[in-house]
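A short worksheet on the structure shown next.
The values are calculated or read from the model by the stated rules, or taken from the named source; none is laboratory data. As the structure is a computational prediction, the values presented were derived from the model and not from experiment. Here the Cβ positions follow ideal geometry from the backbone for every residue, glycine too, while neighbour counts run over all protein chains shown. Side chains are part of the model used for accessible areas, which takes the heavy atoms of the whole protein and leaves out ligands, DNA and RNA. Shrake-Rupley method; radii C 1.70, N 1.55, O 1.52, S 1.80 Å.
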Amino acid sequence: MQIAIAGSIATDHLMTFEGSFKDSLVVEQLDKISLSFLTGDLQVRRGGVAANIAFGMAGLGLRPILVGAVGEDFADYRSWLERHGVDCTSVHYSESQHTARFICTTDNDMAQIATFYAGAMSEARDIELAPVADRVGGLDLVLVGADDPEAMARHTEECRSRGIPFIADPSQQLAFSDGEGIRGLIDGATILFTNEYEAHLTEQKTGWDHDEILSRVGTRVITRGSGGVTIHRKDEETITVPVAREVRRADPTGVGDAFRAGFLTGLAAGLTTRRCAELGSMLATYVIETVGTQEYVLSKAHFLARLTEAYGPESAADIEPHIVCHRP
């Protein structure tokens, strides 16, 4: 399958706070909030939802097509992605803006406070998908992830008009979008990805309840943190997949992106929805164990051993023929 991943490409500035944000919040004074947290370290890492998803898919053996906008400071990052198997030919370069920045602080409870600078990402609205499809001989699927809002709307509408199946993954942009905009992003999607909070926000802002959303999308995938993931299809039994056990918890940034990468890899291989979710959940565990969204290294033997432990030998046997990791 030719799968394009459209969304943000960014540099992550990750910090940790040795305490709990909640201890510094005064509910009665939130309208006057003014806080500063002393952090113990700073990690500068590669990130952005589209780049993270594409990296994860490439790590499992696919060659996803990255679609997004960057600045001239993207050269080293591009080299990294291409060395790991990501097609970066369709990335747009800004002549005046820096690549987007994600600045995030995580506390001991894995709660996060973040700021996002869009920069070159605002030019993603100038990207047309037709030339991308022409270059690769057609697109089988496009994931429309968090990006410049106008770019997200453009990509979604172009997929509809050209008959290209698309996945709606609005994530962080839900907070800044109105009901009409969100309805436009998700209506007709093959899959709608959200976490649990975003699922409620989607229903609240669109005015569509769970059943109405299911009537408009093929599959609704809701990640629930430590509660695993639930997958809904109209008139079908809900599928629940628990999380895989992590060795340690280092940083949750990018965990959802890794889940999507694994899920899409399973989808491209024609695996069942349950197996797609198990593959995604296993890959997500690797990310929470590292600081940075693209710092994990996959060994196929080790990955399959952990998959067997988490979901059983049948799951590993079904998935094994369809993944090719960096290491055997």
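Here are the numbers for the structure shown:
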| read-out | value |
| --- | --- |
| Two-site label geometry, Arg245 and Ser299: point separation in nm, points 7 Å out along Cα→Cβ | 1.9 nm |
| Among beta bridges that DSSP assigns inside the chain, antiparallel share in %, nearest 5 | 40 percent |
| Listed residue (Val229, Val136, Ala301) projecting farthest to the positive dipole end of the chain, Cβ model | Ala301 |
| Spin-label model distance (nm) - Met1 vs Asp178, 7 Å beyond Cα toward Cβ | 3.4 nm |
| At most 15 other Cβ within 10 Å, DSSP loop - GluC sites (Glu not before Pro), the stretch 167-203 | none |
| Farthest positive-ward along the stretch 1-141 dipole, Cα basis, beta-carbon charges - from Pro64, Cys104, Ala120 | Pro64 |
| FRET efficiency, Lys234 to Leu42 (Cβ-Cβ, R0 45 Å, nearest 0.05) | 0.45 |
| For the stretch 1-141, share of DSSP beta bridges that run antiparallel, in % to the nearest 5 | 45 percent |
| Rounded percent of accessible protein surface that carbon and sulfur make up, the chain, 1.4 Å probe | 50 percent |
| Residue-span extension gain [Arg160 to Asp31] - 0.36 nm each, minus C-alpha spacing | 42.2 nm |
| GluC sites (Glu not before Pro) within the stretch 45-100, DSSP loop, no more than 15 other Cβ atoms inside 10 Å | Glu95 |
| Choice from Ala168, Ala250, Ala301 showing the highest fluctuation, given a GNM over the chain with Cα pairs closer than 10 Å | Ala301 |
| DSSP-defined beta bridges in the stretch 100-220 - what % are antiparallel, rounded to 5 | 45 percent |
| Loop trypsin sites (Lys or Arg not before Pro), the stretch 211-285 (other Cβ atoms within 10 Å of the site Cβ: 16 or fewer; DSSP) | Arg224, Arg233, Lys234, Arg245, Arg248, Arg249 |
